[in-house]
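Presented below is the structure to which this report refers.
The values are calculated or read from the model by the stated rules, or taken from the named source; none is laboratory data. Model, not experiment: these values are computed from the prediction. Here the Cβ is made from the backbone with ideal geometry for all residues, glycine too, and neighbour counts use every protein chain on show. The protein model used for the area step is the full one, side chains on, heavy atoms only, and it has no ligands, DNA or RNA in it. Shrake-Rupley method; radii C 1.70, N 1.55, O 1.52, S 1.80 Å.
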Amino acid sequence: MPDRQRSPAKQPAPVLAAADCARCDAVCCRLTVVVQPEDHIPSHLTTELPGGLRVMAKDEDGWCVAVDGSRMNCGIYDSRPDVCRRFAMGGPYCDAIREDYARDHARAIELVLQ
Ligand code: SF4
């Protein structure tokens, strides 16, 4: 058998269902959302990063604090930041971050020894 150089095993991309906000784990609402001066977001929903950038605040689980957990939607939808308005559900960026999220969470599955 000839000697072959092996390249490192590449993680296969997870197979994702089509984007659907009703089933999605709100991955986009875990991203860092930069608040622009033109956005009218109540200050208690924002925070300032060490570099001075104003962003949407996150809760301890990493979700944007504006997520309405009881309805699983954006609690400030009509006045959400411009960056959220421009985010295209099912677009290339949405798919890319969902793929990363699925890959990271697949790795995080705990091993239970019995
Ligand atoms: S402001 Fe609304 S749409 Fe934007 S990240 Fe927060 S919950 Fe999601």
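Quick rundown of the values:
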read-out	value
Solvent exposure, largest accessible area first (probe 1.4 Å, DNA, RNA and ligands not counted), of 34, 27	34, 27
Residues of the range 70-94 with amide N under 15 Å of the 7 Å Cα→Cβ point at residue 18	89-92
Difference of contour (0.36 nm per residue) and Cα-Cα distance, residue 93 to residue 34	19.6 nm
Length added when fully stretched, residue 48-residue 102, from 0.36 nm per residue minus Cα-Cα	16.6 nm
Mean separation of Cα contacts under 8 Å (6+ apart) over length of the range 23-90, as relative contact order %	34
